[in-house]
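S.K.: Provided herewith is a single structure, encoded as structure tokens, for subsequent inquiry.
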């Protein structure tokens, strides 16, 4: 049997395999792989748990967002209703004020007309008295003066 390089390769190979078995390297490799597998499983479980939590939070925030939108819509509707009520109230107040002022103006006009009528009558009476005095002073008889005054009063009354 000749010893050549294939023999040395075979002996080296057998020695390495024996050393691996003696040092339990395959078991250590398998144990390391098992440990790594367990670690990856734990990380996947943690990631799955985090994902579920994130989805729950997302649902919660979406529900809160919908609730906030609903509340905002209610606030807007309430504000619009309040603005309309205030506008209606303001319109009613203004209408009442306009009616009051119109009524007051009409009352003032009626009073002014009455005062003017009294003043005109007083002026007519004064003029009639003075005209009567002048007629008497001119020598017109009382009967003729009375007829003239009554005629003038009737004419003035018809014009008023």
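S.K.: Any chance you could give the angle, 0 to 90 degrees and rounded to 10, that helix 5-22 forms with the longest Cα principal axis of the chain?
M.R.: Once rounded, the angle reads 60 degrees.
S.K.: Right, something else. Taking the chain as the reference, fit the longest principal axis to its C-alpha atoms, fit the long axis of helix 142-159 to the helix C-alpha atoms, and give the angle between the two in degrees, 0 to 90, nearest 10.
M.R.: It is inclined by approximately 20 degrees.
S.K.: Now for a separate question. Taking other Cβ within 10 Å of each residue's Cβ, how do 20, 7 sort, fewest first?
M.R.: 7, 20
S.K.: If R₀ is 35 angstrom, what is the calculated FRET efficiency for the pair residue 35 and residue 7, using the beta carbon separation as r and rounding to 0.05?
M.R.: 0.35
S.K.: Okay, next question. Taking the mean number of other Cβ atoms within 10 Å as a proxy for protection, how do you rank 132-138, 53-59 from highest to lowest?
M.R.: 132-138, 53-59
S.K.: Please find the FRET efficiency linking residue 104 to residue 133, where r is the Cβ-Cβ separation and R0 is fixed at 35 Å, and quote it to the nearest 0.05.
M.R.: Efficiency computed from Cβ-Cβ geometry: 0.25.
S.K.: Against the longest alpha carbon principal axis of the chain, how many degrees, from 0 to 90 and to the nearest 10, is the axis of helix 25-138 turned?
M.R.: 0
S.K.: Sticking with this structure for a sec: Using only the Cα atoms of the range 46-159, what semi-axes does the equivalent ellipsoid have when each is the square root of 5 times a gyration tensor eigenvalue? Give whole Å, largest first.
M.R.: Semi-axes (√(5λ), whole Å): 93, 8, 5.
Only the coordinates and a few stated rules stand behind these numbers; no lab work does. These numbers come from a predicted model, not from an experiment. Using ideal geometry, Cβ is built from the backbone for each residue, glycine included, and neighbour counts are taken over all protein chains shown.
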